[in-house]
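Below: one structure, written as structure tokens.
Derivation of every value follows stated rules applied to the coordinates shown; laboratory data play no part. Everything numeric in this text was worked out from a predicted model, so none of it was measured. Positions of Cβ are backbone-derived with ideal geometry, glycine not excepted, and every protein chain shown enters the neighbour counts.
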Amino acid sequence: MNRRIYLDHTATTPLDDRVLDAMRPYFAETFGNASSVHWFGQQAKSALENARGTIARAIGAQPGELFFTSGGTEADNFALIGVARAARRSGKNHLITSAAEHHAVLEPCEMLKEEGLVVTVLPVDSNGFVDAQQVSHAITDKTCLVSIMHANNEVGTIYPLKEISAAAHERGVLVHTDAVQTLGKIPVDVKDLDVDLMTLSVHKLYGPKGIGALFIRRGVEIESLLFGGGQERGRRPGTENLPLAVGFAKAVELAMAAMPTEMQRLASLRQNLESRIRAAFPSALINGHPVERLPHILNVSFDSSKIQLEGEMLLMNMDLEGIAVTSGSACTSGSMQPSHVLLAMGRDAKTAKATLRFAFGKSNTEGDIDYVVESLHQVVSRMSH
Ligand SMILES: Cc1ncc(COP(=O)(O)O)c(C=O)c1O
């Protein structure tokens, strides 16, 4: 093995040097607690509010509508649990989501069922798509929230949020979207999408891990998950993580500036890999919506009725070739479970396991494509003989 290629940018990305530089002074020099009234505290407070302003502007929100969290997982939990619990006061106990959501949405739904919430999990079609009509049909007079992600982290399918929001708002239902995979990749604007809550995370766009945010439109009723301080206007207590908030803002600023050219470049890398895989492997199935999809994700399954490739071995062999990819499968108690998204799209379990998700990012070049195709050839022929 002579090289390593990272193609798992939907899992996480390396920290941009410029983000690290922006964060550095806030670990030691500007160390104050943003809640303190003295000069040190006020320095921290001002940096924190600048960061909040930058991020809020990037998504068309007001700074007062953005609440820092420990990441996308917490923001998803906060949105679902917080809104569902607050809605009990007005007698609403029904939530709508989809089978292709991230576990950070699906698992809070499971927990909320134990608190009496009724959950409708909408099926997705073979492209992983959910449309506004499905949402509209599922709404009842007990529905408090619709939670549909902006784009899928495994197959890249982009959901018609504007139409979904219109259908929900017509019936007075709030809309939450998980935009973890779209921030900095495609335009994300809370006014344009007309959503009431939006989950953000920054380690997918060369920012630090361990920080995210929840956009909560002014006036939305939501209960807090944490208690014990007045930070984040009492909604998310705990001393704010200032260096990470500063890094969050810097990464968003850089991603916004680079988006038009970088996403075009990544789309062309993905297209090239896709056409070469289609040409070389007749058993390859491309997962995700053919048009409404993120530019940088290519998700490929090998059809189990045509070729027998064992999922774990496929990933391991790619890793041995120096290529970091994933199948989207979850590893539970030492055994690999097929991706719930691919199963929901109708793939059989063996095909779903024999999947590779290529997620392109800054470090990838055309040269990587040649190497990946060549390596894939070797791996597949080794495994199928
Ligand atoms: C769609 C989606 N939502 C939520 C998360 C969780 O975000 P975090 O890692 O910041 O907790 C991820 C991360 O993989 C994701 O892809």
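How would V105, V220, V37 line up from fewest to most surrounding beta-carbon atoms within 10 angstrom?
Values: V105 25, V220 17, V37 9.
If I rank by nearby Cβ atoms, fewest first, I get V37, V220, V105.
N50 to D348: extension gain in nm, 0.36 nm per residue of separation minus the Cα-Cα distance? Please report the intermediate quantities before stating the final value.
Numbers: separation 298, 0.36 × 298 = 107.28 nm, distance 4.87 nm.
Length difference between fully extended and current span is 102.4 nm.
To the nearest 0.05, how large is the calculated FRET efficiency for E366 and S36 if R₀ is 45 Å and r is the Cβ-Cβ distance? Display every interim value, and only then the final one.
On the way: r = 52 Å, r/R0 = 1.15.
The calculated FRET efficiency here is 0.30.
How far apart, in nanometres, would the label points at S70 and D131 be if each is projected 7 angstrom from Cα along the Cα-to-Cβ direction?
That separation, rounded to one decimal, is 4.1 nm.
Using a 10 Å cut-off around each Cβ, can you sort F360, F302 from fewest to most neighbouring Cβ atoms? Let's see the in-between values first.
On the way: F360 28, F302 23.
Ranked by crowding around the Cβ, least crowded first: F302, F360.
For n ≥ 4 DSSP H runs only, could you compute -39500 (n - 2.57) per run for the chain, divide by its residues and tell me the 222 nm figure to the nearest 500?
-12500 deg cm²/dmol
Please compute the length gained on full extension between E312 and K113, using 0.36 nm multiplied by the number of residues separating them and subtracting their Cα-Cα distance.
68.3 nm
In Å³ and rounded to a whole number, note down the convex hull volume per residue for the Cα atoms of the range 202-299.
With only Cα atoms used, the range 202-299 gives 165 Å³ per residue.
Once both labels are modelled 7 Å past Cα along the beta-carbon direction, what's the F27-A99 spacing in nm?
Output for this residue pair reads 4.6 nm.
With each pseudo-label sitting 7 Å past Cα toward Cβ, what's the A258-S305 distance in nm, one decimal?
Going from the A258 label point to the S305 one covers 4.2 nm.
Apply the Karplus parameterisation 6.51 cos²θ - 1.76 cosθ + 1.60, with θ equal to phi minus 60°, to every residue of the range 212-228 and state each ³J(HN,Hα) to the nearest whole Hz, in sequence, with x for glycine and proline.
Running phi through 6.51 cos²θ - 1.76 cosθ + 1.60 with θ = phi - 60° gives x, 7, 10, 7, 10, 4, 3, x, 6, 8, 8, 9, 6, 9, 10, 9, x Hz.
Taking the Cα atoms only, what angle lies between the long axis of helix 366-383 and the longest principal axis of the chain, rounded to 10 degrees?
Helix 366-383 and the main axis of the chain meet at about 60 degrees.
Mind sorting K353, K306 by how few other Cβ atoms lie within 10 Å of their own Cβ, fewest first?
K306, K353
What percent do you get for the relative contact order of the chain when only Cα pairs under 8 Å and 6+ apart count?
Taking the mean separation of contacting Cα pairs over the length of the chain, I get 23 percent.
Which angle from 0 to 90°, rounded to the nearest 10, does the C-alpha axis of helix 103-113 make with the longest principal axis of the chain?
60
Sticking to Cα atoms, compute the Rg of the chain to one decimal and its Dmax as the biggest Cα-Cα distance, whole number, in Å.
Rg then Dmax for the chain, in Å: 21.5, 71.
Relative to the longest principal axis of the chain, what angle (0 to 90°, nearest 10) does the C-alpha long axis of helix 39-58 take?
50
Under 5 Å between amide hydrogens, which residues at least 5 positions from D8 or on another chain qualify, with H placed 1.01 Å from N in the peptide plane?
A359
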